[in-house]
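Participant: I am attaching a structure below and will ask some questions about it afterwards.
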Amino acid sequence: TEKPQSRGIWLYVGGSGPGNYTKIQDAINDSSDGDNVFVYDDSSPYNESINIIHSIRLLGENPNSTIIINQYYCVIQIVADNVTVEGFTITNMNYSNPGIQIMGNSSLITNNIINSGGIHFHYTCFNTITHNILKGKRGIFLWETTGTDIENNSVSVQTTGIYVFRSLMTRIVNNSLNNNTQGIFLIESSSVNVTNNIISNATFFGICVQGPSYTNHISDNMIMSCNMGIYFCLCENQIIQYNTILENTLGI
């Protein structure tokens, strides 16, 4: 396989190139801020628990065939800022641990397939999750974050699709959430923009906002075939407009 071109420093995992690493973590340990770690798919699955300690780009050759699996632990934990993870299938066999856990700021999680463990953010700022597919047990979970952008993801899991707890200025835009227990659940979160999402077949709520929560903007969403379309409890100054609510047991 031809290696990608770049002006920067690249470290390669798998494949048949001279000096390529066998383990992803070994390449990350040898990287520095600003480096790129490229992972070939012909050596997958990679059975690892990865800790990203530098501001790098971790790139898989193909999201359908570059596979990282872990039986017991979090598959990828990000503790550095300005990290990109792109192009992997990530499978966690232990549902109690996340597929990807982000503890740094300003990172990008894009174009991945996340099985089972979901994506978890803890005490972080200004991260972006876009164009990922999440399925299995857990979805996207935010805990006391600021400025998270969740856009153009497909989420179909056995629990809540997008769960936002005590977070500010979150954007949840253009996502597809189907067959989740709850589509989007905001708890004690404010200034959240929930726009242009398609939410269907939620066992309980399409969108649930539980207070104290203030000045959230919920507009232009399509919510259909859920037990309840939109539910509010102990909230103030919510803006709800231009939503399409179809064939739910209860509307709002």
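The values are calculated or read from the model by the stated rules, or taken from the named source; none is laboratory data. Note that the structure is a prediction, hence the values are computed from the model and not measured. In this analysis, Cβ positions are derived from the backbone assuming ideal geometry, glycine residues included, and neighbour counts consider all displayed protein chains. All accessible areas refer to the heavy atoms of the entire protein, side chains included, with ligands and DNA or RNA removed. Shrake-Rupley method; radii C 1.70, N 1.55, O 1.52, S 1.80 Å.
Participant: Out of all the residues in region 195-211, is one or more modelled with pLDDT under 95 and over 24 Å from GLY118 (Cα atoms)?
Facilitator: Among the residues of region 195-211, at least one is modelled with pLDDT under 95 and over 24 Å from GLY118 (Cα atoms), which makes the answer yes.
Participant: Can you say whether GLY183 is crowded, with 24+ Cβ neighbours inside 10 Å, of a type in the set (Gly, Ala, Ser) and within 17 Å of the chain's Cα centre (by Cα), as far as the supplied structure shows?
Facilitator: For GLY183, the condition - crowded, with 24+ Cβ neighbours inside 10 Å, of a type in the set (Gly, Ala, Ser) and within 17 Å of the chain's Cα centre (by Cα) - is met.
Participant: Checking SER156 against (1) surrounded by 24 or more Cβ atoms within 10 Å (Cβ to Cβ); (2) modelled with pLDDT of 95 or more, which single condition isn't satisfied?
Facilitator: Only one criterion in (1) surrounded by 24 or more Cβ atoms within 10 Å (Cβ to Cβ); (2) modelled with pLDDT of 95 or more is unmet by SER156, namely (1).
Residue-by-condition table, conditions (1) over 15 Å from ILE162 (Cα atoms); (2) open to solvent by 70 Å² or more (accessible area, probe 1.4 Å); (3) within 23 Å of the chain's Cα centre (by Cα):
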{"residue": "ASN197", "(1), (2), (3)": "no, no, yes"}
{"residue": "PHE205", "(1), (2), (3)": "no, no, yes"}
{"residue": "SER213", "(1), (2), (3)": "yes, no, yes"}
{"residue": "GLU236", "(1), (2), (3)": "yes, yes, no"}
{"residue": "THR244", "(1), (2), (3)": "yes, no, no"}
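Participant: Filter region 78-103 down to the residues that are more than 14 Å from the chain's Cα centre (by Cα) and farther than 16 Å from ARG138 by Cα, then identify the one that is most open to solvent (accessible area, probe 1.4 Å).
Facilitator: The selected residue is ASN82.
Participant: Scan region 215-234 for residues that are in contact with a Leu (Cβ under 9 Å, 6 or more places away or on another chain), open to solvent by 40 Å² or more (accessible area, probe 1.4 Å) and either on the phi < 0 side of the Ramachandran plot or among the aliphatic types (A, V, I, L, M) (or both) and jot them down.
Facilitator: Hits for region 215-234 are MET222, MET224, ASN227, TYR231.
Participant: For region 43-77, which residues satisfy the criterion of being open to solvent by less than 50 Å² (accessible area, probe 1.4 Å) and assigned to a loop (DSSP other than H, G, I, E, B)?
Facilitator: SER44, GLU48, HIS54, SER55, ILE56, PRO63, SER65, THR66, CYS74, VAL75
Participant: When you scan region 13-35, do you find a residue that is part of a strand (DSSP E or B), touching a Phe, Trp or Tyr at 6+ places or on another chain (Cβ under 7 Å) and open to solvent by less than 20 Å² (accessible area, probe 1.4 Å), even just one?
Facilitator: Yes, that holds for at least one residue.
Participant: I've got another one for you. Based on what the data block shows, is SER96 assigned to a loop (DSSP other than H, G, I, E, B) and more than 30 Å from ASP35 (Cβ to Cβ)?
Facilitator: Taking the combined requirement at face value, the residue satisfies it.
Participant: Give the residues of region 104-113 that are open to solvent by 10 Å² or more (accessible area, probe 1.4 Å) and part of a strand (DSSP E or B), sorted by residue number.
Facilitator: Selection gives LEU108, THR110, ILE113.
Participant: Let me ask something else about it. Could you say which residue among ASN82, ASN115 is of a type outside the set (Gly, Ala, Ser) and at positive phi?
Facilitator: ASN82
Participant: Select the strands (runs of 3 or more DSSP E) contained entirely in region 114-233, then report the ones holding at least 2 residues which are polar (S, T, N, Q).
Facilitator: Hits in region 114-233: 128-130, 154-157, 176-178, 193-195, 205-214.
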